[in-house]
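*Asks:* Dropping a structure here in structure tokens format, bear with me for questions.
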Amino acid sequence: MSISLRQVEADEVNALFPLLLLAEHPMSALRWSLNKLSDTVYRVEDAGQLVGATTMRWSSEPCEIVELAVEEHRHRKGFGGQIIDNLRVEGRRRGKQRMVVGTGNSSIGNIVFYKSGGFRMDHVRRDHFWYHHKPEIENGILLRDIACLQL
């Protein structure tokens, strides 16, 4: 398994929505994020087959992983770690010193994933998910804040 990241053009992004919605939902929040936060969208492939998608904000320092998604049946198989490795290489190529990522305070699996990849807890953006119209519970925890980790 050796993945590749390919930057997609604007007319290719819609095809990645099913995957990106795993990382950011509802659709209105994903569209807002793509229009306001992300400046680069990548298609992630393994042997030419779509396995994931990620979006980045390279225009800031630190740069930021805005969304990162891997097909659910491919979780815990190393794809996410390879995506992070590829983004690290691209960040160094772009002269970036630091990289941040945010995930829901209730997304324990995501926090473990990023911490095991070398990210460290940095700060919390309180009440980040105010736009969710109904309460979301994940792992028995109310989703309210975003935990920000830094590499």
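*Asks:* Check Asn110 against each of (1) among the polar types (S, T, N, Q); (2) part of a helix (DSSP H, G or I); (3) not assigned by TED's automatic domain parsing to the domain that holds His132 and name the one condition it does not meet.
*Replies:* Every listed condition holds for Asn110 apart from (3).
*Asks:* Might you check whether a residue that is out of contact with any Ser or Thr (no Cβ under 6 Å at 6 or more places or on another chain), of a type in the set (S, T, N, Q) and assigned to a strand (DSSP E or B) occurs anywhere in the stretch 17-33?
*Replies:* no
*Asks:* Can you name the number of the only condition in (1) modelled with pLDDT of 95 or more; (2) surrounded by fewer than 16 Cβ atoms within 10 Å (Cβ to Cβ); (3) outside the structural domain of Phe129 (by TED's automatic domain parsing); (4) within 16 Å of Gln150 (Cα to Cα) that Val66 fails?
*Replies:* Val66 satisfies all of (1) modelled with pLDDT of 95 or more; (2) surrounded by fewer than 16 Cβ atoms within 10 Å (Cβ to Cβ); (3) outside the structural domain of Phe129 (by TED's automatic domain parsing); (4) within 16 Å of Gln150 (Cα to Cα) except (2).
*Asks:* The conditions are (1) charged (D, E, K, R); (2) surrounded by 14 or more Cβ atoms within 10 Å (Cβ to Cβ); (3) farther than 22 Å from Asp145 by Cβ, and Arg93 fails exactly one of them. Which is it?
*Replies:* (2)
*Asks:* Pairs, please: C-beta under 8 Å, at least 6 apart or cross-chain, first residue without any contact (Cβ under 8 Å) to a residue 24 or more places away in the chain and under 21 Å from Asn14 (Cα atoms) and in the stretch 50-76, second acidic (Asp, Glu) and surrounded by 16 or more Cβ atoms within 10 Å (Cβ to Cβ)?
*Replies:* Listed pairs, sorted by first residue: Arg57/Glu64.
*Asks:* Any residue in the stretch 28-47 that is closer than 18 Å to Asp11 by Cβ and surrounded by fewer than 17 Cβ atoms within 10 Å (Cβ to Cβ) sitting within a Cβ distance under 6 Å of a residue that is at pLDDT below 95 and among the β-branched types (Val, Ile, Thr)? List the pairs, counting only those 6 or more apart or interchain.
*Replies:* none
The values are calculated or read from the model by the stated rules, or taken from the named source; none is laboratory data. Bear in mind the structure is a predicted one, so any value in this text is a computation, not a measurement. Every residue, glycine among them, receives a Cβ derived from its backbone with ideal geometry; neighbour counts consider all protein chains shown.
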